[in-house]
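Chemist: Got a structure here, written out as structure tokens. Questions coming.
Nothing in this text is a laboratory measurement; each read-out follows from the coordinates by a stated rule. As the structure is a prediction and not an experimental result, all values here were calculated from the model. Cβ atoms come from the backbone with ideal geometry, glycine included; neighbour counts cover every protein chain shown.
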Amino acid sequence: MAAPILAYENLGIIQGSGWLFRGLDIHVGPRDRLALIGRNGAGKTTLLKLLGGKIDSDEGRRTIVPGTRVIQLEQEPAMTGCHTLADYVLGGDDAPQQYEAEAIADKLGID
């Protein structure tokens, strides 16, 4: 098994009057794919924000391999002015080069 490119150890976050997560360990390898399934209000979006570094945890340690980028596609993205998903991906502030986006799309089996 390859070393993780992103890891959280003993993750904890307080939301409202109590712990949303506590003592959670997450290790993401270089070719891992993730799926989050849960009821509304279970903390899926909060966990994704933590993984992406958009918010900080209240306890725990985050380790990320230098050069690793975590990109999150919003659940309801504002695609104004974009005719295709490729337009959206290539139009962001931290957009990959077109050849990088095409290589990723090819690996995922999408056009």
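Chemist: Taking all pairs of different Cα atoms in the chain, averaging 1/r and flipping that mean, what Kirkwood radius in angstroms comes out? Mind showing how you got there, number by number?
Modeler: Details: mean 1/r = 0.0623 Å⁻¹.
Taking every pair of different Cα atoms in the chain, averaging 1/r and inverting gives 16.0 Å.
Chemist: In degrees from 0 to 90, rounded to the nearest 10, what is the angle of the helix 98-108 Cα long axis to the longest principal axis of the chain?
Modeler: For helix 98-108, the angle is close to 70 degrees.
Chemist: Would you list, by chain and number, the aspartates and glutamates whose Cα falls below 19 Å from the Cα of Lys49, excluding same-chain residues fewer than 8 positions away?
Modeler: Glu9, Asp25, Asp32, Asp58, Glu59, Glu74, Glu76, Asp93, Asp94
Chemist: Just to check I understand the Karplus step: with θ = phi - 60° and J = 6.51 cos²θ - 1.76 cosθ + 1.60, what whole-Hz values come out for segment 52-64, glycine and proline as x?
Modeler: Rounded to whole hertz, the list is x, x, 6, 9, 9, 7, 7, 8, x, 10, 9, 10, 9.
Chemist: If the elastic network links every pair of Cα atoms under 10 Å, which of Gly12, Gly53, Gly91 fluctuates the most in the Gaussian network model of the chain?
Modeler: Highest fluctuation among the options: Gly91.
Chemist: Which trypsin sites (Lys or Arg not before Pro) in segment 59-99 pass both tests, a DSSP loop state and at most 11 other beta-carbon atoms within 10 Å?
Modeler: Working: sites: Arg61, Arg62, Arg69; in loops: Arg69.
Qualifying residues, ordered by number: Arg69.
Chemist: Next up: Tell me what the chain gives for mean residue ellipticity at 222 nm when only DSSP H runs of n ≥ 4 count, each as -39,500 (n - 2.57), the sum divided by the residue total, rounded to 500 deg cm²/dmol.
Modeler: -6000 deg cm²/dmol, from helical runs alone.
Chemist: Counting other beta carbons within 10 Å of each Cβ, put Leu50, Leu108 in order, fewest first.
Modeler: Working: Leu50 22, Leu108 9.
Ordered from fewest to most neighbouring Cβ atoms within 10 Å, Leu50, Leu108 come out as Leu108, Leu50.
Chemist: Starting from 0.36 nm per residue, how many nanometres of slack lie between Ala103 and Leu85 once their C-alpha separation is accounted for? Please report the intermediate quantities before stating the final value.
Modeler: Values: separation 18, 0.36 × 18 = 6.48 nm, distance 1.46 nm.
Computed gain between Ala103 and Leu85 is 5.0 nm.
Chemist: Springs between alpha-carbon atoms under 10 Å, Gaussian network over the chain: tell me which of Thr63, Thr46, Thr84 tops the mean-square fluctuations.
Modeler: Result: Thr84 has the largest fluctuation of those listed.
Chemist: Using amide H atoms built in the peptide plane, which far-off residues or other-chain residues are under 5 Å from Phe21 H to H?
Modeler: When sequence neighbours closer than 5 places are left aside, the close amide H contacts are Ile13.
Chemist: Let me ask you something else. Under a GNM of the chain (C-alpha, springs under 10 Å), which listed residue has the highest mean-square fluctuation: Gln72, Gln97, Gln15?
Modeler: Top of the fluctuation ranking is Gln97.
Chemist: What is the distance, in nm, between label points placed 7 Å from the Cα along the Cα-to-Cβ direction at Gln75 and at Glu9?
Modeler: 3.2
Chemist: Calculate, for Asp56 and Arg31, the FRET efficiency according to 1/(1 + (r/R0)^6) with r their C-beta to C-beta distance and R0 25 Å; round to the nearest 0.05. Mind dumping the intermediate values first?
Modeler: On the way: r = 27 Å, r/R0 = 1.08.
Efficiency, from the Cβ-Cβ distance: 0.40.
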